[in-house]
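One structure below.
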Amino acid sequence: MIGLMDCNSFYVSCERLFRPDLRECPVVVLSNNDGCVVALSREAKQLGIRRGTPYFKVRSLLISCGAAVFSSNYTLYQNISNRVMAVLGELFGEVEVYSIDEAFVHFPLDMPGSVEQAAGAAKEHIERMVGIPVSFGFARTKTLAKAANRMAKQSSCPEGVYVLDESREEEVLRRFPVTDIWGIGSRKGRWLLQRGVVSAWDLRLAPSYWIKEHLSLVTLRTHWELQGRPSIGPETPGAPRKGILSSQGFSREITELFPLSQAVATYAERAAGKLNDQQSTAGYVTVFVRTNRFRHDLQYAREVTLRLDPPTGSSTEIVAAAQRGLRIIFREGYSYAKAGVLLSGIDLPEALQQNLFISRDDRRQRLELAVQQLKSNYGRRVIHTLSSGGEHSWAMRQEYLSPRYTTNWKELPMVR
DNA sequence: TCTGGGGTCCTAGGACCC
DNA sequence: TCTGGGGTCCTAGGACCC
């Protein structure tokens with residue numbers, strides 16, 4: 001059987017780990033720029049707040065209820081996630097990490113006891129070793145395991161473990177809304193509802209040719225998975241990214257070229273850093289800028305893609321290209337709210353097509369290497385291009401950031 | 001005042017080939 | 001009068017995921 005482990009309200013649980021005083025209290029975690037609510041504790045859900053709600057709309061409600069509010073602290077969450085996955089790996093062997101708070105596991109045939117017992121023990125062990133509450137759903141396929149996991153999170157399942165045996169599939173899927181199935185989003189969900197496909201069981205019974213014709217191969221796989229035929233393979237572990245995006249909204253709108261180009265340089269450098277981490281080169285740089293999409297006046301959004309020939313991993317070349325791009329799309333007279341840099345055409349250097357007409361500058365390569373070395377030893381911001389430096393008055397808002405308890409010597413939790 | 005960021009895969013359609 | 005059939009590769013955009 002395939003199992004899906006999912007951390008309960010993961011970001012909230014990470015914050016609570018170091019703030020046990022918040023265990024009973026409503027807690028929310030905000031997106032970048034403290035924009036939207038992206039994680040909620042059970043108590044916060046009971047206040048009627050939904051994931052994705054803009055913070056400014058619920059701020060007064062949260063304050064009046066004595067809720068704790070946090071900015072996203074990804075450094076902390078990623079570190080806690082690594083710990084959860086490591087413990088999971090000790091218990092189940094191979095783990096397919098699907099997201100920061102989810103992983104698929106297999107129940108090994110030689111494991112003693114029932115699936116329920118093993119998952120229950122694993123849940124307890126993770127909570128004891130790392131301190132994060134998790135849920136397990138087991139079933140014949142990934143899609144069914146996802147559904148089982150959802151069952152495990154319901155109040156009717158206090159153990160937090162749900163094993164969806166084949167014999168129980170019909171009973172469970174008949175009550176399972178089609179719109180809650182993994183792979184059915186809002187668009188397909190609406191389309192299916194209009195045609196009387198209401199439950200997961202309905203989708204399982206629908207004719208395959210009808211699904212293939214009107215929906216897609218992806219939905220056909222979902223349909224097979226609901227029938228118990230595994231159709232979604234494993235993700236390749238450690239596969240290099242095919243596109244690398246760094247973008248961010250500004251904490252205040254920008255009208256001048258200079259701060260905008262500073263921001264674009266910063267994002268380009270961040271993207272180049274991720275590119276270097278996977279030791280690849282990029283063939284294209286896309287730069288985009290846009291005004292506040294929630295405003296009705298003076299909308300402007302444009303992007304441009306420049307070719308890097310030959311492909312490069314050099315942060316200085318990538319920054320320079322991004323700034324060239326910005327000068328092409330920048331227009332005076334607008335208030336910019338967001339910019340971003342996307343790297344694509346990504347390849348490993350071995351696969352690199354050598355450009356016969358341009359010889360690589362050896363000194364520049366040595367410089368790149370030295371810069372990378374410094375960054376990996378002393379942190380990403382220890383050295384940066386001049387164009388990304390200076391004061392970032394537009395920098396992300398993070399008013400409620402918790403300390404990086406587990407990854408920074410200066411921010412270790414104190415026990416008094 | 002204030003509305004996230006980062007990915008993946010698939011499909012359709014165009015350009016091009018024989 | 002009559003205008004094939006089969007491919008590949010690339011890109012943009014859509015839908016979905018967390």
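With the cut-off at 1.5 for a/c, could you classify the stretch A:247-315 from its C-alpha gyration tensor as rounded, prolate or oblate?
prolate
Rolling a 1.4 angstrom probe over the protein heavy atoms, how many square angstrom per residue are accessible across the stretch A:286-416?
Per-residue value: 69 Å².
Can you give the accessible area per residue of the stretch A:41-197, in Å², using a 1.4 Å probe?
For the stretch A:41-197, the per-residue accessible area is 52 Å².
Once amide H atoms are built 1.01 Å from N in the peptide plane, which residues 5 or more positions from residue A:39, or in another chain, come under 5 Å H to H?
A:29
Between 0 and 90 degrees, rounded to the nearest ten: what's the tilt of helix A:315-329 against the longest Cα principal axis of chain A?
It works out to around 80 degrees.
What accessible area per residue, rounded to a whole number of Å², is obtained for the stretch A:198-271 using a probe radius of 1.4 Å?
Counting only protein heavy atoms, the per-residue value for the stretch A:198-271 is 51 Å².
Between residue A:167 and residue A:409, what length in nm is gained on full extension when 0.36 nm per residue of separation is reduced by their alpha carbon distance?
Extending this stretch completely gives an extra 81.9 nm.
Just to confirm my numbers, what's the Cα centroid distance between the stretch A:32-74 and the stretch A:370-392 in Å?
Centre-to-centre distance over Cα atoms comes out at 34 Å.
Report, in whole Å, the centroid distance computed from the Cα atoms of the stretch A:114-139 and the stretch A:4-20.
Between the Cα centres of the stretch A:114-139 and the stretch A:4-20 lies a distance of 14 Å.
Of A:242/A:375; A:45/A:146; A:242/A:410, which pairs sit farther than 28 Å apart, going by alpha carbon to alpha carbon?
Too far apart for the 28 Å limit: A:242/A:410.
With only Lys, Arg, Asp and Glu charged, each at its Cβ (+1 for the first two, -1 for the last two), find how big the charge dipole of chain A is about the Cα centre; round to the nearest 20 debye.
The dipole of chain A has a size of about 1160 debye.
Restricting everything to alpha-carbon atoms, can you work out Rg to Rh for chain A with a Kirkwood hydrodynamic radius?
0.99
When the accessible area of chain A is split by element with a 1.4 Å probe, what percent falls to carbon and sulfur?
Answer for chain A is 52 percent, counting heavy atoms of protein chains only.
Would you report the distance distribution of C-alpha pairs in the stretch A:162-286 as whole percents per 10 angstrom bin, up to the bin with the largest distance?
10, 28, 17, 20, 20, 5, 0
The values are calculated or read from the model by the stated rules, or taken from the named source; none is laboratory data. Keep in mind the model is a prediction, meaning the values are calculated, not measured. In this analysis, Cβ positions are derived from the backbone assuming ideal geometry, glycine residues included, and neighbour counts consider all displayed protein chains. Surface accessibility is based on the protein's heavy atoms, side chains included, excluding ligands, DNA and RNA. Shrake-Rupley method; radii C 1.70, N 1.55, O 1.52, S 1.80 Å.
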